[in-house]
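Visitor: Structure in structure tokens, see below.
The values are calculated or read from the model by the stated rules, or taken from the named source; none is laboratory data. Just so we're clear, the structure is a prediction, and the values are computed from it rather than from any experiment. Reconstructed Cβ throughout: ideal geometry from the backbone, glycine too, with neighbour counts over all protein chains shown. All accessible areas refer to the heavy atoms of the entire protein, side chains included, with ligands and DNA or RNA removed. Shrake-Rupley method; radii C 1.70, N 1.55, O 1.52, S 1.80 Å.
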There are 2 protein chains.
Amino acid sequence: MDTTQSGLATAPLTDEELARIDAYWRAANYLTVGQIYLLDNPLLREPLRPEHIKPRLLGHWGTSPGLSLIYAHLNRCIAARDLDMIFVTGPGHGGPAIVANTWLEGTYPELHPSVNHSEEGMKRLFRQFSFPGGIPSHVAAEVPGSIHEGGELGYALSHAYGAAFDNPELTVACVIGDGEAETGPMAGSWFSNVFLNPVTDGTVLPILHLNGYKIANPTIFARISDEDRMSFFRGVGYEPFLVEGGDPASVHQQLAAALDACFDRIAEIRADARRNVNGKPVRPRWPMIVLRTPKGWTGPDEVDGVPVEGTWRAHQVPLAAVRSNPEHLAMLEEWMRSYRPEELFDAMGGPAPELLGLHPQGARRMSANPHANGGLLLRDLVLPDYRDYGLAIEGHGRTTGEATRVLGKWIRDVISANPDRFRLFGPDEVASNRLDAAFETTDRQWTAEILPTDEHQAPHGRVMEALSEHLCEGWLEGYLLTGRHGLFTSYEAFIHIVDSMFNQHAKWLDSLSKIPWRQPIASLNYLLSSHVWRQDHNGFSHQDPGFIDHVMNKKADIVRVYLPPDANTLLSTMDHCLRGRQYVNVVVAGKQPSLQYTSMDEAVRHCERGLGIWEWASTDDGQSPDVVLACAGDAPTLEVLAAADLLRQALPRLKVRVVNVVDLMRLQPDTEHPHGLGDRQFDTIFTADKPVLFAFHGYPMLIHRLTYRRTNHDNIHVRGYKEEGTTTTPFDMVVLNDLDRYRLVMDVIDRVPGLGQNAAGLRQRMVDARHAAREHTRTHGEDLPAVAEWQWPH
Amino acid sequence: MDTTQSGLATAPLTDEELARIDAYWRAANYLTVGQIYLLDNPLLREPLRPEHIKPRLLGHWGTSPGLSLIYAHLNRCIAARDLDMIFVTGPGHGGPAIVANTWLEGTYPELHPSVNHSEEGMKRLFRQFSFPGGIPSHVAAEVPGSIHEGGELGYALSHAYGAAFDNPELTVACVIGDGEAETGPMAGSWFSNVFLNPVTDGTVLPILHLNGYKIANPTIFARISDEDRMSFFRGVGYEPFLVEGGDPASVHQQLAAALDACFDRIAEIRADARRNVNGKPVRPRWPMIVLRTPKGWTGPDEVDGVPVEGTWRAHQVPLAAVRSNPEHLAMLEEWMRSYRPEELFDAMGGPAPELLGLHPQGARRMSANPHANGGLLLRDLVLPDYRDYGLAIEGHGRTTGEATRVLGKWIRDVISANPDRFRLFGPDEVASNRLDAAFETTDRQWTAEILPTDEHQAPHGRVMEALSEHLCEGWLEGYLLTGRHGLFTSYEAFIHIVDSMFNQHAKWLDSLSKIPWRQPIASLNYLLSSHVWRQDHNGFSHQDPGFIDHVMNKKADIVRVYLPPDANTLLSTMDHCLRGRQYVNVVVAGKQPSLQYTSMDEAVRHCERGLGIWEWASTDDGQSPDVVLACAGDAPTLEVLAAADLLRQALPRLKVRVVNVVDLMRLQPDTEHPHGLGDRQFDTIFTADKPVLFAFHGYPMLIHRLTYRRTNHDNIHVRGYKEEGTTTTPFDMVVLNDLDRYRLVMDVIDRVPGLGQNAAGLRQRMVDARHAAREHTRTHGEDLPAVAEWQWPH
């Protein structure tokens, strides 16, 4: 066999193989064009007429032929080498191409029997695409074999790596559009190879599809020099193989040779690494492919006098006026017939027998690989009994503990008990968020250089830390979508970095739940520590509790938000979250030493209810209170209790009820959220007519948003974060935002009528105490001991 | 002069120069340590005692010596070459280093006379840092010379490029931490050099500060091979100069040589390009520096038996127990004395005279450069009269127009009239969002290869398009912060990508407004088109109207949200936004052909009021209505008017009031937002007791959030986006979300009492019409003509 200078075979395919793969590709292209354009006459048994054409032409042709080319060639390799492979479609707007391939290899008809291998089935295939009541235009959850929505760009490669972790036999082929390659999240994903262990993880094969244009602009990667482009990919640690051209036969041969070289190389890297499992860490130079072909390849060359193939004009629908312009209609027919459908489909309308020989069979088909329907492979986590990890408390509000540090011990044992299906992800904040007990049992996975001074850095480990929230989120999503479990821990303010990734994942979960053949996957769990109230080394720029607001715009049956006030409630909450399916759970909890309020038993009961009256802190004796002090979050809980203490001492006859909220969704009516409290229950706890002072962890508006339909809403007064803050002490932070104990007592006095002269005196004392606390802080640089060391009295 | 193999001088600094720059660096380091630790005894005139130490030690030492090293060396170059330069501190948590330098060069004392060059001034400098009532720990707006907050990481380089655009004499030195370099947005910023024109723009000098660690992990860039690292930077188009070591004298000489080479190269590139202004596009290979020095350099080598300098342990405060541990206290004193303060400061406590000779003078000081206080340089835009661009309408709701296309013509002329201070930014959506009239006067700026088939691609242009929302946002922020104007146009759903960047900018504006010496800058303007209701080629993954919810968590005096329903109101709104200062304006407007409701004069008046009754569409004759139909956004406005038309025909005696809202902030009480309506005004428009059906562009909850304090809130029923959608027709989208005209009529019937038998019949007709419309869409793939072509009747 001849080889090129770079050592690749020049013509690895026999004439017959070449003909077959080209036919397969033409079939996929034909089916793609058909989906975009046709309502009827799918096999072109008669000349195309306007009524065969869809009234609204929607879809993206430009990227589609390249996707089908890659898909067909991967099929050849899977069949030849019995590879376990899935396909991540970065240019997911090329939906019709992927759907065409899943139809050709038979998965689509298996899942949707009416869209079968027949003329009628093909007609349905065409009609349903981007059609009301049909399927979306993108590679969505509805597309078999997909774990990646054709939505927002940037996450294909991080999803692919997430899928590869802990799947040592799996290869994830990941097509990346050259448009997507410009996005920040994508640009930051190349180095994922630093975090992939060739012994215990699978492989990602990135395929940069360089088709030259995004929507109306050329792409950066297409317009820099070959030398710079290759230099870039070597810089990020890959061995790039270039395939380029516009002549199908040549590109088929080149691509086949490059893929053969890549899979040989991958096999070699795996074998080498696995022979030498106790050796030094090694970051292999994994192969990748740069595929340069024309945008809209094989489509119309020129339309209305301007070039289309190979330009940005091929991005969506190259012939736009097919229904009204006979010339366009003729061009469409010519275009479709150029694929020679008579050779590709049998008399019934199914793929010709020669085509059926190309693709792999059964679960080896990328569209039927169970990794891409992760719920099929999902196994429950083995969870140690969290109650054994509880913090013993001596009285309510009298013991100090660090909630996340207590949780860390349980997480450590969750990691130990699930060595193949649970990982902890974070942007270098696992230790900072005090979950470092994890390092008693595992390390941070890292295959680049390790120095003797490093700690807990190893080629294999269950902790994934890169300074990129995008990468952590993308990896975790890919890991979950392929049937595993995980936890993402991060700073509260900066989790907004992945707002939009959360959106895409939540929408995926929503779609997934409506598709009968998709199996439920594990919940996406966020643990947000280093929260707004305790940014000691940082300040204003690190203070934003709004992620929970953002999350709540998504469907109620998907999102859950928890604010456990102490260590034991955090344990109970996280146990619940790690058992979940199909949710996004957001847990906000503190890492700093702070008072503990609940025994383990109390925590279990409190979390089961989601919110409840803390009788030990209340003075209403189970009767109707004069005022309700409600709180959600650790810092607000502390201030509410300190306020309750002040009120108890100064106004002993005032009946105060203290309510703590762990599960924020309980505040909504049960008609709005499955966790919602019925109105009667809500009124029993919050009363129908008494003042409610609600000290809240986040922006006050969220509590109003959740409770505006409640009987007593007009009496609910919320204190929370109002964008005041800087580098200062913990108590100064709550004072700056009017959430402090003194302010809360003043609020009570201002809202409960008839408290008399005592209250007026107390109010003035509160004003003075507040002033004194601020003065002390400004003078001494720390909080007044009486404030900082306050405990709930015996 | 000797040179190295790479042609750099081996010892460009004379002994005297070396001594002076080292002294300057030592002084900055001394002042940095002092800020982190000391309350008193700033010049160490007596041995350190615990009471000289701050009670809470907060700040980041690790990156600080590197920052000061770079700052000192840049000062030398500025002075020697009379450079116009500003400094962007990517590792902005190294706040005390930058503050130290601004104090040394005198800017800080000029702006804060009490923190002057005296022992008392130095004491204040130390005490205020990270101290309650003092200054934040990060490089914040409070730091002279900064345009970049030390908050969330990832945006330093895009800010730097934004500052360089249209400032041909400016150089922006941009230090990038190797931690920050892992983030997606940063990784995607390197290619900004494709968009920088060496003739009309300034220069960015990236300096990768490779100090090896982020918080507790090594960094990727520090642990890959030298060859890969250099290959990466060549791949993204730079010429990297490596400076490395731990011996100060050697590093001083290397860095001086590298900077000399960089500034020579920059001068050469500029001169070449400017000699050849009509030549072919050229993307020069700009220089950059890779500076590898130990983290926490010159700090404690080892503490409590473990290595600190050169490890992640140097990240924050290397000696943590100084107040309580005498050994730590002694080490601190030894550390501080190692800088030989007696040589660095005069008897009064000011910098020694030798130091004052190093830094540049006046506005050449990076901390006093007016570009870094952009409001100083801000000039108003020359705005053509937008009323001349209005769309002539023939009756309300009877003319069809594309709002953004009409706006595009005005934007075109704004561009022409402001060739030096206005740019349009977008992720390849300027044409797609129908602002392509801009290309009649300008092009997309692009210095990489341009092919004959490209259109509107040129080395110089006012349109900046990269497929990265992060890059667009970062560039625009940098452009605004240095005193210019701009507009960011993007898809509504994907603007969430920059949620967190918006947060940081909004917080910066908030801080900026409280600092007397900072001048106001131009508003940050978003135009969100391709909105949730019209995702024709896309679907569910592209539908999210929640950015406006996100924005509204920031301070009311900063954020503005507008929903102009047609072309003329959009023109009026954008004119208003482009005149603004210190706001973030979010404008949501459609790009698709749709009905026009207001003449230019009506649009001006309607936008002035922000919301108002559309009498032409109402049947209440200025009296008390039976029901209010309110709307905000173009799609909801269409449905409300069509509903009003149905009601008018079927129930002619029903008094319907139609209210349209452009300025969403008008809905809030005037106590909550400066644009808010007083309660009496609100009640006059929305009534105190009649049903209000509000058809809203976004998530319904936002309207409740804005109006929950209003008298009539219990009667406000909102329809909006509720996470239902796919690739479908426009009318099917509103039906899926219960926002359609038929549903609104049903809502009216269900909520207005006493409508009688006629209404019951109408309700059934609505149910039938809705069903018929859906059936038609599902059968024919397009909306019923009667729905799609509906117009307001004569």
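Visitor: Report, please, the projected area of the protein assembly as shown averaged over directions, based on the convex hull of its C-alpha atoms, in nm².
Guide: So the mean shadow area of the Cα hull is 55.3 nm².
Visitor: Let me ask something else. Helix B:600-609: angle to the longest alpha-carbon principal axis of chain B, degrees 0 to 90, nearest 10?
Guide: Compared with the principal axis, the helix lies near 60 degrees.
Visitor: Per residue of segment A:715-722, what does 6.51 cos²θ - 1.76 cosθ + 1.60 with θ = phi - 60° give for ³J(HN,Hα)? Whole Hz please, x for Gly and Pro, Karplus curve as stated.
Guide: 9, 8, 10, 10, 10, x, 6, 10
Visitor: What gaps in nm, shortest first, separate B:R653 from its twins in the other copies when you place the label 7 Å past Cα toward the beta carbon?
Guide: Ordered by increasing distance: 5.9 nm.
Visitor: Take the alpha carbon atoms of segment A:213-264, find their radius of gyration, then divide it by 2.2 N^0.38 Å using N residues; give the quotient.
Guide: Expressed relative to 2.2 N^0.38 Å, the Cα Rg reads 1.33.
Visitor: Now, a different point. Of B:M348, A:M331, A:M288, which has the most accessible area with a 1.4 Å probe, and how do the rest follow in descending order?
Guide: B:M348, A:M331, A:M288
Visitor: Rounded to whole Hz and in sequence order, give me ³J(HN,Hα) for segment A:655-665 from the Karplus expression 6.51 cos²θ - 1.76 cosθ + 1.60, θ = phi - 60°, writing x for Gly and Pro.
Guide: Couplings: 8, 9, 10, 9, 10, 10, 10, 9, 9, 4, 5 Hz.
Visitor: I would also like to ask the following. Taking each residue in B:123-133, count the Cβ atoms of any other chain within 10 Å of its Cβ, then average. What number comes out?
Guide: 4
Visitor: Consider just the alpha-carbon atoms of segment A:63-193 and return their Rg together with their Dmax, both in angstrom.
Guide: That works out to 15.2, 47 Å for Rg and Dmax.
Visitor: Still on this model: Taking a probe of 1.4 angstrom, what is the accessible area of A:S624 in Å², to the nearest 10?
Guide: 60 Å²
Visitor: May I pose another question? With every protein chain left in place, what is the accessible area per residue of segment A:290-350 in square angstrom, probe 1.4 Å?
Guide: Per-residue accessible area for segment A:290-350 comes out at 43 Å².
Visitor: Quick one: buried accessible area between A and B, total over both chains, 1.4 angstrom probe, nearest 100 Å²?
Guide: Counting both chains, the buried surface is close to 9900 Å².
Visitor: Plugging the Kirkwood radius over Cα pairs into Stokes-Einstein for segment A:724-794, at a temperature of 37 °C and a viscosity of 0.692 mPa s, what D comes out in µm²/s?
Guide: 251 µm²/s
Visitor: Are there residues in segment B:203-224 whose accessible area shrinks by at least 20 Å² when all protein chains are included rather than the chain by itself, and which are they (probe 1.4 Å, ligands and nucleic acids not counted)?
Guide: Going by heavy-atom accessible area, the residues of segment B:203-224 that drop by at least 20 Å² are B:Y213, B:K214, B:I215, B:A216, B:N217, B:P218, B:I220, B:R223, B:I224.
Visitor: Which distances, in nm and shortest first, link the B:D601 label point to the same label point in every other copy, taking 7 Å along Cα→Cβ?
Guide: Distances to the matching label points in the other copies: 8.0 nm.
Visitor: Would you mind computing the Rg to Rh ratio of segment A:235-291 from its alpha-carbon coordinates, Kirkwood style for Rh?
Guide: 1.12
Visitor: Now for a different question. Quick one: Cα convex hull volume of segment B:288-421, Å³ per residue?
Guide: With only Cα atoms used, segment B:288-421 gives 307 Å³ per residue.
Visitor: Taking each pair of different alpha-carbon atoms in segment A:364-406 once, compute 1/r for the pair, average those values, and report the inverse of that mean as the Kirkwood hydrodynamic radius in Å to one decimal.
Guide: Radius from the Kirkwood sum: 14.7 Å.
Visitor: I've got another one for you. Ignoring ligands and nucleic acids, what accessible area does B:T404 show with a 1.4 Å probe (Å², nearest 10)?
Guide: The accessible area of B:T404 comes to roughly 0 Å².
Visitor: Calculate how steeply helix B:119-128 sits against the longest principal axis of the alpha-carbon atoms of chain B, using the helix alpha-carbon long axis, and give the answer as 0 to 90 degrees to the nearest 10.
Guide: Its long axis makes an angle of about 40 degrees.
Visitor: Let me ask something else about it. Towards the positive end of the charge dipole of the protein assembly as shown, with charges on Cβ (+1 Lys, Arg; -1 Asp, Glu), say which of A:V199, B:A506, B:A28 has the farthest Cα.
Guide: Value: B:A506.
Visitor: Show the residues, 5+ positions off or on another chain, whose built amide H is closer than 5 Å to the amide H of B:V303.
Guide: B:V308
Visitor: Under a cut-off of 22 Å between alpha-carbon atoms, report the lysines in cross-link reach of A:K214, not counting same-chain residues fewer than 8 places apart.
Guide: A:K295, B:K591
Visitor: Quick one: order B:T619, A:T684 from most to least accessible surface, probe 1.4 Å.
Guide: So the residues, ranked largest to smallest area, are A:T684, B:T619.
Visitor: Further question on the same structure: Given a cut-off of under 8 Å on Cα pairs at least six residues apart, what relative contact order in percent is computed for segment B:375-423?
Guide: With pairs under 8 Å counted, the relative contact order is 50 percent.
Visitor: Ok, one more. Per 5 Å bin, what is the whole-percent P(r) computed from every C-alpha pair distance within segment A:264-361?
Guide: All Cα pairs, binned at 5 Å, distribute as 2, 10, 12, 11, 10, 11, 11, 9, 7, 7, 5, 3, 2, 0 percent.
Visitor: Distances from B:Q757 to the same position in the other copies: list them in nm, one decimal, shortest first, using label points 7 Å from Cα along Cα→Cβ.
Guide: Counterpart label points of B:Q757 in the remaining copies fall at 7.2 nm.
Visitor: Please compute, for peptide B:706-712, the average count of beta-carbon atoms on other protein chains lying within 10 Å of each residue's beta-carbon.
Guide: Per residue, the average neighbour count from other chains is 2.
Visitor: So what is the calculated 222 nm ellipticity per residue for chain B, using -39500 (n - 2.57) for each DSSP H run with n of 4 or more, over all residues, to the nearest 500 deg cm²/dmol?
Guide: -11000 deg cm²/dmol
Visitor: Placing +1 on the Cβ of each Lys and Arg and -1 on the Cβ of each Asp and Glu in the protein assembly as shown, which of A:T711, B:H396, A:A617 has its Cα farthest towards the positive end of the resulting dipole?
Guide: A:T711
Visitor: Average the reciprocal distances over every distinct pair of alpha-carbons in segment B:101-171, invert the result, and give the Kirkwood radius in Å.
Guide: 13.9 Å
Visitor: Reachable lysines from B:K554, Cα under 17 Å, same-chain residues fewer than 8 places away excluded?
Guide: Result set, ordered by chain and number: A:K722, B:K507, B:K514.
Visitor: What's the angle, to the nearest 10 degrees (0 to 90), between helix A:64-81's Cα axis and the longest principal axis of chain A?
Guide: 80 degrees
Visitor: Within the protein assembly as shown, what percent of beta bridges assigned by DSSP are antiparallel, to the nearest 5?
Guide: Roughly 20 percent of the beta bridges in the protein assembly as shown run antiparallel, per DSSP.
Visitor: At a probe size of 1.4 Å, how large is the accessible area of A:R45, to the nearest 10 Å²?
Guide: We get 140 Å² for A:R45.
Visitor: What is the Cα radius of gyration of segment A:389-540 over 2.2 N^0.38 Å, N being its residue count?
Guide: 1.14
Visitor: Can I ask one more? Report the convex hull volume per residue for segment B:189-228, counting only C-alpha atoms, in Å³.
Guide: Hull volume over Cα atoms, normalised by residue count, gives 102 Å³.
Visitor: Could you let me know the centre-to-centre spacing of segment A:308-357 and segment A:706-770, using Cα atoms, in angstrom?
Guide: If we compute the Cα centre of each part, the gap is 69 Å.
Visitor: Which semi-axis lengths, in whole Å and largest first, follow from the square roots of five times the eigenvalues of the Cα gyration tensor of chain B?
Guide: 57, 29, 22
Visitor: Just the number, please: carbon plus sulfur as a percent of the accessible area of chain A, 1.4 Å probe, no ligands or DNA/RNA counted.
Guide: 49 percent
Visitor: Working only with C-alpha atoms, what are the Rg and Dmax values of segment A:536-646, expressed in angstrom?
Guide: Rg then Dmax for segment A:536-646, in Å: 15.6, 45.
Visitor: Within 9 Å, Cβ to Cβ, of A:T183, how many net charges do the neighbouring residues add up to if Lys/Arg are +1 and Asp/Glu are -1?
Guide: After counting each charged neighbour, the total is -4.
Visitor: Please compute the per residue accessible area over segment A:683-753 with all protein chains in place, 1.4 Å probe, rounded to a whole number of Å².
Guide: Per-residue value: 26 Å².
Visitor: Here's something else I'd like to know. Determine the dipole magnitude for segment A:1-129: charges of +1 sit on the beta-carbon of Lys and Arg, -1 on that of Asp and Glu, nothing else is charged, the reference point is the Cα centre, and the result goes in debye to the nearest 20.
Guide: Taking the Cα centre of segment A:1-129 as origin, the dipole is about 560 debye.
Visitor: Quote the convex hull volume per residue of segment B:373-477, based on C-alpha atoms, as a whole number of Å³.
Guide: 141 Å³
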